[in-house]
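Novice: Pasting in a structure now, in structure tokens, and then I'll have a few things to ask.
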Amino acid sequence: MQIAILGAGAMGSFFGGRLALAGHAVTLLDIDEAHIGCIRRDGLRLSTDSGEQVVRNLIAQRPEEATQPVDLVIVFTKTMHTEAALTAASAVLGPETALLSLQNGLGNAERLARFAAPGQVMIGVTTWPADKSEPGRVSSHGHGTIRLMSADGKHSSALEQTVSALNEASLACRANPDVWAAIWEKVAFNAALNSLCAVTQCTVGELTHTADGESLALKIVAEVVAVARARGIAANEDHVVANVRDALAHHGSHRPSMLQDVLAGRHTEIEAINGAVVEAAAAVGVEAPYTETLARLVRLVDARRR
Ligand code: NAD
């Protein structure tokens with residue numbers, strides 16, 4: 001497939017590198033000059049549990065430099081940059097181009113739908129992790145999965161081809177019409193741990209230093225799951241609580257991306273996570289006071305750091 005990765009940071013470069021290694025024609029589109037410069041010059045250095053590989057069979061460009069429509073665009077900017085990125089990369093969007101978002105948060109399908117017909121938009125969720133340690137170099141350790149669906153809920157040849165391409169890249173992908181529950185469960189997890197770490201500047205493990213960390217996290221999880229349920233989405237609270245407890249116990253030194261963004265003075269994804277939950281809660285008449293308080297606090301921290 002001809003694939004453009006729009007937003008080739010940690011996740012985009014990891015996915016793009018794996019798809020290129022599987023033989024697909026991949027173009028990485030990003031505005032980070034240092035990163036795309038390194039990839040053009042030296043290839044993409046991809047570090048996984050099987051060691052470091054240098055991927056050379058890919059193109060790295062700024063979004064506005066792309067000139068040809070592709071079969072598939074995988075959007076991996078942070079959520080607040082989706083629209084600017086798609087606008088700049090409009091040349092890759094042909095009448096048949098499918099768009100996929102595996103970004104965190106809510107509203108991704110709606111953002112992509114402004115650039116393509118509903119039948120061409122796919123959304124999903126991935127548990128693959130990735131980090132960008134320096135320009136031109138990304139790493140992903142451990143194993144993950146991808147679940148995705150067409151945003152209109154229908155089966156399509158684009159969906160089938162995308163699932164095949166991701167599996168050829170050994171990314172463990174399956175089409176799943178119940179992806180909404182998985183998306184909301186991940187939002188519940190991130191709304192709890194990302195926002196608490198961003199506000200307190202605690203690592204995930206440091207949230208266990210008093211009982212308040214887990215207690216606040218579980219209140220946020222309960223609120224987000226209640227909003228999902230009120231919208232008819234069968235999110236499983238026990239499942240999220242188990243994941244939160246597992247992270248608190250085993251991911252002690254991890255700094256969630258929202259904390260990393262705060263520390264680096266970058267915008268956070270708070271609006272697509274806690275902010276979007278608060279909006280959804282208001283629409284269905286469910287109270288979400290803890291989620292809302294954390295959204296407001298992260299906005300303050302976010303504004304001050306920048
Ligand atoms: P990242 O910050 O490493 O990468 C985002 C990239 O987008 C950057 O390279 C940035 O330069 C680029 N970008 C910003 N504006 C752009 C524009 N206008 N045009 C083109 N590129 C632009 O972020 P990430 O960690 O790769 O996360 C991407 C998404 O995936 C987020 O929604 C995140 O929540 C989600 N996610 C991340 C992980 C992870 O482990 N990193 C796991 C699952 C999901």
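The values are calculated or read from the model by the stated rules, or taken from the named source; none is laboratory data. Owing to the predicted nature of the structure, the values given are computational and were not obtained by experimental measurement. Cβ atoms come from the backbone with ideal geometry, glycine included; neighbour counts cover every protein chain shown. Areas reflect the complete protein model, heavy atoms only, side chains present, ligands, DNA and RNA absent. Shrake-Rupley method; radii C 1.70, N 1.55, O 1.52, S 1.80 Å.
Novice: Give all pairs with beta carbons closer than 7 Å in which a residue from segment 72-97 that is in contact (Cβ under 8 Å) with a residue 12 or more places away in the chain meets a residue that is of a type in the set (Asp, Glu) and surrounded by fewer than 18 Cβ atoms within 10 Å (Cβ to Cβ); count only pairs at least 6 apart in sequence or on separate chains.
Specialist: 88/64
Novice: A follow-up question, please. Given the condition of a type in the set (Gly, Ala, Ser), in contact (Cβ under 8 Å) with a residue 40 or more places away in the chain and outside the structural domain of residue 276 (by TED's automatic domain parsing), answer yes or no: does some residue in segment 45-56 qualify?
Specialist: Narrowing segment 45-56 to residues of a type in the set (Gly, Ala, Ser): 47, 50-51.
Subsequent filtering for residues that are in contact (Cβ under 8 Å) with a residue 40 or more places away in the chain retains 47.
Within this subset, residues satisfying the condition of being outside the structural domain of residue 276 (by TED's automatic domain parsing) are 47.
For segment 45-56, residues of a type in the set (Gly, Ala, Ser), in contact (Cβ under 8 Å) with a residue 40 or more places away in the chain and outside the structural domain of residue 276 (by TED's automatic domain parsing): present.
Novice: Only one of these conditions is not met by residue 234: (1) in a loop (DSSP other than H, G, I, E, B); (2) over 30 Å from residue 83 (Cα atoms); (3) modelled with pLDDT of 95 or more. Which number is it?
Specialist: Condition (2) is where residue 234 drops out.
Novice: So which residues in segment 256-285 are surrounded by fewer than 19 Cβ atoms within 10 Å (Cβ to Cβ) and of a type in the set (A, V, I, L, M, F, W, C)?
Specialist: 263, 264, 282, 283, 284
Novice: Still on this structure, please answer the following. Pick from segment 144-157 the residues that are surrounded by fewer than 18 Cβ atoms within 10 Å (Cβ to Cβ) and more than 13 Å from the ligand (Cβ to nearest atom): which of them is nearest to residue 60 (Cα to Cα)? Give the steps one after another, and end with the answer.
Specialist: From segment 144-157, those surrounded by fewer than 18 Cβ atoms within 10 Å (Cβ to Cβ) are 144-145, 152-157; that's our starting set.
Now narrow it down to the ones that are more than 13 Å from the ligand (Cβ to nearest atom): 152-157.
On the way: 152: 31, 153: 33, 154: 33, 155: 32, 156: 29, 157: 27 Å.
So the residue we want is 157.
Novice: Next question, about the same structure. Name, by its number, the condition in (1) within 12 Å of the ligand (Cβ to nearest atom); (2) farther than 24 Å from residue 238 by Cα; (3) open to solvent by less than 60 Å² (accessible area, probe 1.4 Å); (4) at pLDDT below 95 that does not hold for residue 129.
Specialist: Of the numbered conditions (1) within 12 Å of the ligand (Cβ to nearest atom); (2) farther than 24 Å from residue 238 by Cα; (3) open to solvent by less than 60 Å² (accessible area, probe 1.4 Å); (4) at pLDDT below 95, the odd one out for residue 129 is (2).
Novice: What strands (runs of 3 or more DSSP E), lying completely within segment 122-180, carry at least 2 residues that are closer than 20 Å to residue 22 by Cα?
Specialist: Numbers: elements: 131-134, 137-139, 146-150, 173-175.
So the answer is 137-139, 146-150, 173-175.
Novice: Out of all the residues in segment 10-31, which are open to solvent by less than 20 Å² (accessible area, probe 1.4 Å), in contact (Cβ under 8 Å) with a residue 60 or more places away in the chain and within 12 Å of the ligand (Cβ to nearest atom)?
Specialist: Those that are open to solvent by less than 20 Å² (accessible area, probe 1.4 Å), in contact (Cβ under 8 Å) with a residue 60 or more places away in the chain and within 12 Å of the ligand (Cβ to nearest atom): 12, 13, 14, 15, 29.
Novice: What do you reckon, is residue 43 more than 10 Å from the ligand (Cβ to nearest atom) and within 20 Å of residue 131 (Cβ to Cβ)?
Specialist: Details: more than 10 Å from the ligand (Cβ to nearest atom): yes; within 20 Å of residue 131 (Cβ to Cβ): yes.
Against the criterion (more than 10 Å from the ligand (Cβ to nearest atom) and within 20 Å of residue 131 (Cβ to Cβ)), residue 43 qualifies.
Novice: Still on this model: Please go through segment 33-46 and give me each residue that is surrounded by fewer than 18 Cβ atoms within 10 Å (Cβ to Cβ) and either hydrophobic (A, V, I, L, M, F, W, C) or within 20 Å of the chain's Cα centre (by Cα) (or both), ordered by number.
Specialist: So the first thing to find is which residues in segment 33-46 are surrounded by fewer than 18 Cβ atoms within 10 Å (Cβ to Cβ), and the list is 33-34, 37, 40-42.
Within segment 33-46, 34 is the sole residue that qualifies.
Novice: Return the residue satisfying two criteria in turn: it lies in segment 106-121 and is within 15 Å of the ligand (Cβ to nearest atom) and either in a strand (DSSP E or B) or not basic (Lys, Arg) (or both), and of such residues it is farthest from residue 224 (Cα to Cα).
Specialist: 115
Novice: Quick one: residue 160 ticks every box in (1) assigned by TED's automatic domain parsing to the domain that holds residue 69; (2) among the charged types (D, E, K, R); (3) within 16 Å of the ligand (Cβ to nearest atom) except a single one, so which number is it?
Specialist: Failed condition: (3).
Novice: In addition: Among the residues of segment 222-254 satisfying the criterion of being surrounded by fewer than 18 Cβ atoms within 10 Å (Cβ to Cβ) and more than 20 Å from residue 179 (Cα to Cα), which is nearest to the chain's Cα centre (by Cα)?
Specialist: 254
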